[in-house]
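J.: What follows is a single structure, and I will ask about it in a moment.
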Amino acid sequence: MRGTRVQGLIRYLYGPGRCEDHRNPRIVAGFRSPGELEPSLLPDGRRDFRRLEGLLNQPVALLGERNYRKPVWHLPVRAAPEDPVLTDAQWAEIAEEIMARTGLARPGDEDAVRWIAVRHADDHIHIVATLARTDGDRPYVWNDAYRVRDACRAVEERFGLRKTAPANRTAAKGTTRAEMEKARRQGKPEPARVVLRRQVQTAAAGARSEVEFFDRLRSAGVLIRTRFSRRDPEQVTGYAVALPDDRNTAGQPIFYSGGKLAADLTLPRLRHRWSAADPDRDPRSADYHPITGRHLSARSARAFLRKIARQAADQARTVEEFLTRLERQGVIVRRRFSQIDPAQVTGYAVTLPDHLDQGGQPIWYRGADLADDLTLPKLQRRWNSLEHGSAEPDLTPEERQAFYDDAARATADATAQLRRHLALGHPHAARDICWATADILHTAAAATGNRHLQRAANSYDRAARLPYGRLPTPTPPGNGLRTAARLLALADLRRNDPIWMAIALLTELIALLDTITELHQTQHREPQTTATRTATGHLQQLAPPTNAPADAPHHPVQAATPVAVAMADFPVPWAPVNPAAHQDRQSIAPSPHRPMSHPHRRNRPSR
């Protein structure tokens, strides 16, 4: 923290505190010996701070106009509740380590900044320094938080304290005390920053382009403010979001930029997701990752294509514009031309990449196969008469269930691929799977409205990001998870599907999170391991549904046991593991006239 006046800070540290919790305040370390710096007592029992304030302010006065705007550097350092109570000498060693690693006061530097460390409780100290060297120079404090984090991790190892996370920029921006107090006064369960982060993450997981991303935010009731380039006024370089009911004292909405929500929510990093939306890009490039039909059933593929076709038809006014919009959404389009006029398009058929039949041929869907009002003649009549789109519901309950089942298959495939990377000793190849898991958690939570899924998505947030804001290279398993997330995002989120529809998906998500926990343990990433375990715990709290239909399949959500992990490894499971079926298979002995399959040969499922 930075401030302007050291006088008020010193008086607060030696005062009773806001809750009368300051006990025996004293200096335990500083630029001189603690006894020499300790304020003396006046005859009336009060402290005389004038000498200490003068010593700290002398270098600041020497700098004059070259001084920092906020020259007071304040750092509270607190131990965890389960840590042992440290002595004054140990706290002094911690303070000296922090000042040395930040470069503010290295050992033997007689011209370093002047500082003190005040202790007025058993579990923490306050380090106060003035950012001015006695030789007339200003100290370098840019990115000092990362050097402070390195110092804290060093003393944690030295004194056996609870280990905290490194400053690798994987954590989201934390809420301030003022934001939490404001939410408490207004009776809101969460601060505005947390709500906006979740809505932005959910919109990004379900969008395939920048336009769709902003449309999803607007439909969720979020206020958006875009930032334009100074050189090119038509180029959008950033954005900020706000809640309609979150306002300042002047009555204006409080906006948060994407970078203030999380490191991977800035507009340049979000555009990494949508690089395929540019039709001029090479489809074979590493950044091209459209919706894939690899894990989609025929019912899900038809429902998805119908949804995309309706959206394109609502935005188009000509046949070519309609077909071009479909292609920009990653849909493969086959045109049918007139036999009389070869230049006239009389029909169309669509499919998705990797959506193949058992013979490896693409599965095509004509406009009539999608819906009666999506044939080309009816679309042309609608555009000519300027009629609005169909008001019929796009998804039936069976199609919504198929979305969840396909998402479960994609999750099972990602789990198997992740285990393969671990077995081969290539944990870094699984980064994209970890990143894409956050997408499916957020969209599943939004589709079901389940609080346990929402808490799991929030808890897993840190485990999804790579250190220092790096973005992973897209992989087929990661694209499969993103496809599943976009499928769930296509559903009407206001319906809040019953949780029993997602039981198969929840079972596979628990297995996936258990494997990701093992991955982070292998890489010795304690914060990510803790985040994944917490998310798994929230999913395991999902109780069996009490309001499910009588004919709804019941699959209790349980933690993945070693037996279940082994059963789900090879071949890739295309349905939740069924222990009864596994016992039935064990009871059937192999025929002596039928050769056993090779143990390393995977049987590919039919598509």
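The values are calculated or read from the model by the stated rules, or taken from the named source; none is laboratory data. As the structure is a computational prediction, the values presented were derived from the model and not from experiment. Backbone-built Cβ (ideal geometry, glycine too); neighbour counts: all protein chains shown. Ligands, DNA and RNA are stripped out before the accessible areas are found, and what is left, the full protein with its side chains, is counted by its heavy atoms. Shrake-Rupley method; radii C 1.70, N 1.55, O 1.52, S 1.80 Å.
J.: For the residue pair Val85 and Arg177, what label-to-label distance in nm results when each label sits 7 Å from Cα along the Cα-to-beta-carbon direction?
T.: 2.4
J.: If you don't mind, there's one more thing I want to ask. Dipole of segment 298-384, Cα-centred, from +1 at each Lys and Arg C-beta and -1 at each Asp and Glu C-beta, to the nearest 20 debye?
T.: Working: 15 positive and 10 negative charges, 47 e Å.
Here the size comes out at about 220 debye.
J.: Something else: When all protein chains stay in place, what accessible area (Å², nearest 10, 1.4 Å probe) is found for Phe213?
T.: 0
J.: In nm, to one decimal, how far is the Leu41 label point from the Arg231 one, both placed 7 Å along Cα→Cβ?
T.: So the two model labels end up 6.7 nm from each other.
J.: Also: Counting other Cβ atoms within 10 Å of each Cβ, which trypsin sites (Lys or Arg not before Pro) in segment 12-42 have at most 15 and sit in a DSSP loop? Provide the component values of the computation, followed by the final result.
T.: Working: sites: Arg18, Arg23, Arg26, Arg32; in loops: Arg18, Arg23, Arg32.
Taking segment 12-42 and a limit of 15 other Cβ atoms within 10 Å, the loop trypsin sites (Lys or Arg not before Pro) found are Arg18, Arg23, Arg32.
J.: Classify segment 2-159: rounded, prolate or oblate, from the alpha-carbon gyration tensor (a ≥ b ≥ c, eigenvalue square roots; a/c under 1.5 rounded; otherwise prolate if a/b is larger than b/c)? Working shown, then result.
T.: Numbers: a/c = 1.71, a/b = 1.07, b/c = 1.60.
Oblate shape, in that a/c is at least 1.5 and b/c is the bigger or equal ratio.
J.: Under the 0.36 nm per residue contour assumption, what length would be gained going from the current alpha-carbon distance of Glu321 and Arg153 to full extension? Write down the numbers at each step before the final one.
T.: Details: separation 168, 0.36 × 168 = 60.48 nm, distance 5.78 nm.
Value of the extension gain: 54.7 nm.
J.: If R₀ is 22 angstrom, what is the calculated FRET efficiency for the pair Met1 and Ala165, using the beta carbon separation as r and rounding to 0.05?
T.: Numbers: r = 20 Å, r/R0 = 0.90.
In this case the efficiency is close to 0.65.
J.: Next up: How much of Tyr146 can a 1.4 Å solvent probe reach, expressed as accessible area in Å² and rounded to 10?
T.: The accessible area comes out at roughly 70 Å².
J.: Given the protein chains as shown and a 1.4 Å probe, how many square angstrom of His524 are accessible, to the nearest 10?
T.: We get 140 Å² for His524.
J.: Order Met501, Met1, Met180 by their accessible area, 1.4 angstrom probe, all chains in place, largest first. Write down the numbers at each step before the final one.
T.: Numbers: Met501 15, Met1 135, Met180 100 Å².
Order by accessible area, largest first: Met1, Met180, Met501.
J.: Do any trypsin sites (Lys or Arg not before Pro) in segment 118-169 lie in a DSSP loop with no more than 13 other beta carbon atoms within 10 Å, and if so, which? Intermediate values should be presented prior to the final figure.
T.: Numbers: sites: Arg119, Arg133, Arg147, Arg149, Arg153, Arg158, Arg162, Lys163, Arg169; in loops: Arg162, Lys163, Arg169.
Passing sites in segment 118-169 are Arg162, Lys163.
J.: Can you classify segment 397-541 as rounded, prolate or oblate using the Cα gyration tensor, where a ≥ b ≥ c are the square roots of its eigenvalues, rounded means a/c under 1.5, and otherwise it's prolate if a/b beats b/c and oblate if not? Can you show the working numbers first?
T.: On the way: a/c = 1.87, a/b = 1.55, b/c = 1.20.
It comes out prolate by the Cα gyration axes.
J.: With a 1.4 Å probe and all protein chains in place, put Ser219, Ser229 in order of accessible area, largest first.
T.: Sorted descending by solvent-accessible area, the residues read Ser219, Ser229.
J.: Using amide H atoms built 1.01 Å from N in the peptide plane, name the residues 5+ places from Asp109, or on other chains, whose amide H lies under 5 Å from its own.
T.: Here the answer is none, since no amide H 5 or more places off falls under 5 Å of that of Asp109.
J.: From the phi angles alone, apply the Karplus equation (6.51, -1.76, 1.60; θ = phi - 60°) to segment 82-88 and give each ³J(HN,Hα) in whole Hz, x where the residue is Gly or Pro.
T.: Result, rounded to whole Hz: 7, 6, x, 6, 8, 7, 4.
J.: Then there is this: What does the extension gain come out to for Arg451 and Leu356, with contour length at 0.36 nm per residue minus their alpha carbon separation?
T.: On the way: separation 95, 0.36 × 95 = 34.20 nm, distance 3.68 nm.
Length gained between Arg451 and Leu356: 30.5 nm.
J.: Going 7 Å from the Cα of Glu526 along its beta-carbon direction, which residues of segment 64-94 have the amide nitrogen within less than 12 Å of the resulting point?
T.: Output list for this probe position: 80, 83.
J.: Still on this structure, please answer the following. Put Trp142, Trp383 in order of accessible area, largest first, 1.4 Å probe: what do you get? Before the final figure, lay out each step's value.
T.: Numbers: Trp142 170, Trp383 15 Å².
Per-residue accessible area, sorted high to low, gives Trp142, Trp383.
J.: Want the number for His124 to Arg299: 0.36 nm per residue separation, take away the alpha-carbon distance, what's left?
T.: Residue separation times 0.36 nm, minus the Cα-Cα distance, leaves 57.0 nm.
J.: Moving to a separate point now. If I take R0 = 45 Å and measure r between the Cβ atoms of Gln252 and Arg66 in this structure, what FRET efficiency does the formula 1/(1 + (r/R0)^6) give, to the nearest 0.05?
T.: With a Förster radius of 45 Å, E is 0.80.
J.: Given H placed 1.01 Å from N in the peptide plane, which residues other than close sequence neighbours of Tyr348 have an amide H under 5 Å from its amide H?
T.: Here the answer is Arg336, Gly367, Leu376, since their amide H atoms fall under 5 Å of that of Tyr348.
J.: Considering only Cα-Cα distances, which of the following residue pairs are longer than 32 Å: Lys163/Lys260; Lys260/Lys307; Lys188/Lys307? Each step should come with its number before you reach the end.
T.: Values: Lys163/Lys260 26 Å; Lys260/Lys307 34 Å; Lys188/Lys307 35 Å.
As for pairs spanning more than 32 Å Cα to Cα, those are Lys260/Lys307; Lys188/Lys307.
J.: Ala132's amide H: which non-local residues (gap 5+, or another chain) put their own amide H closer than 5 Å, with H modeled 1.01 Å from N in plane and none for Pro or chain starts?
T.: Arg114
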